[in-house]
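S.K.: One structure, as structure tokens, below. Some questions next.
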Amino acid sequence: MASLRSLSIWFFFFFFFVFLINPSISIRTSFIKLPGSDGSRYCDSWRLAAETNNVGTWDLIPSICVDSVAEYLNGDQFLSDYSVIVDYALAFAKSVEITGDGKDVWIFDIDETLLTNIDYYKAHGYGSEPYDDNKFSEWVEQGTAPAFDASLRLYNALKKLGFTIILLTGRDEHQRTSTETNLRDAGYSGWERLLLRGPNDQGKSATNYKSEQRSKLIEEGFKIRGNSGDQWSDLQGFAVADRSFKVPNPMYYIP
């Protein structure tokens, strides 16, 4: 009798365990959905979480979302999102009282802010492949990245309003010539300074490096009115702008 009871108990726990782990019969599937189970809907939600900095530090886009990110970047929604942010930035810029002393500054990042590297990332999985510094440096040296139309519109409008334009990028100092040539070919001109990483900036996080550069500007008497970038590290830290505007970039994250 004891052995029969033990066998019954064993079968009870066996079938209970099978019931729990089999998604076709488990009641848990009514309450818990695995990420990605809704395909593009999940990817849209992931992209929103990434843009709002709720994902935190991340290295690669989810493999399930490659097609979704590609469709977004090559479609009308991306251009619309970008344009709306530029409209808000311009509305704010028009509210700023320019002193006329050349000290009212607007800072721009370059990659994925003024210039789009979409052609490079098309060939590298839209951010699903590990970043290769050598390959990207080769791309930078080609100097063929086009401008974002919306950013070019904002850039030129800010100049007309009297803002001093300063470009602050994570590119290295040895890329200055190719960067300046690319910017001018893309339609940008008239910036006050182009700040790139020097030897002493190597190894610093983007947040610290850009914060330090902004601090130096403030020490010189500049007033940082606005700041545009595709990464939160372009905008956060210390010595921040009066208003910062993040443009969309679901391809990569730089801390």
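The values are calculated or read from the model by the stated rules, or taken from the named source; none is laboratory data. The shown structure was predicted, so the numbers you read here are calculated from the model rather than taken from an experiment. Every residue, glycine among them, receives a Cβ derived from its backbone with ideal geometry; neighbour counts consider all protein chains shown. The accessibility values were calculated without ligands, DNA or RNA, using every heavy atom of the protein model including side chains. Shrake-Rupley method; radii C 1.70, N 1.55, O 1.52, S 1.80 Å.
S.K.: Take the alpha-carbon positions of segment 39-246, form their convex hull, and give its projected area averaged over all directions (one quarter of the hull surface) in nm². Intermediate values should be presented prior to the final figure.
M.R.: Details: hull surface 45.4 nm².
Projected area, direction-averaged: 11.4 nm².
S.K.: Could I ask something else about it? Simple spin-label model, 7 Å along Cα-to-Cβ: K159 to A49 in nm?
M.R.: Placing both labels 7 Å along Cα→Cβ, they lie 4.2 nm apart.
S.K.: For labels at Q77 and K216 in the simple 7 Å Cα→Cβ model, what's the distance in nm?
M.R.: A separation of 4.1 nm, rounded to one decimal place.
S.K.: For segment 85-120, list residues with backbone N below 13 Å from a point placed 7 Å from the Cα of K223 toward its Cβ?
M.R.: Residues passing the 13 Å test: 95-106.
S.K.: Considering only protein heavy atoms, what per residue accessible area in square angstrom results for segment 39-246 with a 1.4 angstrom probe?
M.R.: Values: 9910 Å² over 208 residues.
That works out to 48 Å² per residue.
S.K.: Separate question: Counting only DSSP beta bridges with both residues in segment 39-246, tell me the antiparallel percent, nearest 5. Display every interim value, and only then the final one.
M.R.: Numbers: 1 of 19 bridges.
If we restrict to bridges inside segment 39-246, about 5 percent are antiparallel.
S.K.: Can you send over the carbon and sulfur percentage of the accessible area for segment 39-246, probe radius 1.4 Å, protein chains only? Provide the component values of the computation, followed by the final result.
M.R.: Numbers: 4740 of 9910 Å².
Looking at segment 39-246 in its full context, I get 48 percent from C and S.
S.K.: In addition: Stretch V84-E129 to full length: gain in nm at 0.36 nm per residue minus the Cα-Cα span?
M.R.: Working: separation 45, 0.36 × 45 = 16.20 nm, distance 2.93 nm.
Roughly 13.3 nm would be gained on extension.
S.K.: Leaving ligands, DNA and RNA out of it, work out the accessible area of V96 with a 1.4 Å probe and give it in Å² to the nearest 10.
M.R.: 30 Å²
S.K.: Let me ask you something else. Treat each spin label as a single point 7 Å out from the Cα along the C-beta direction, and report the R41 to D59 distance in nm.
M.R.: Taking the simple label geometry, R41 and D59 are separated by 3.1 nm.
S.K.: Here is a follow-up. For Q202 and K94, compute 0.36 nm times the residue count separating them, minus their Cα-Cα distance, and round to one decimal in nm. Don't skip to the answer; put the middle values down first.
M.R.: Working: separation 108, 0.36 × 108 = 38.88 nm, distance 3.65 nm.
In short, 35.2 nm is gained.
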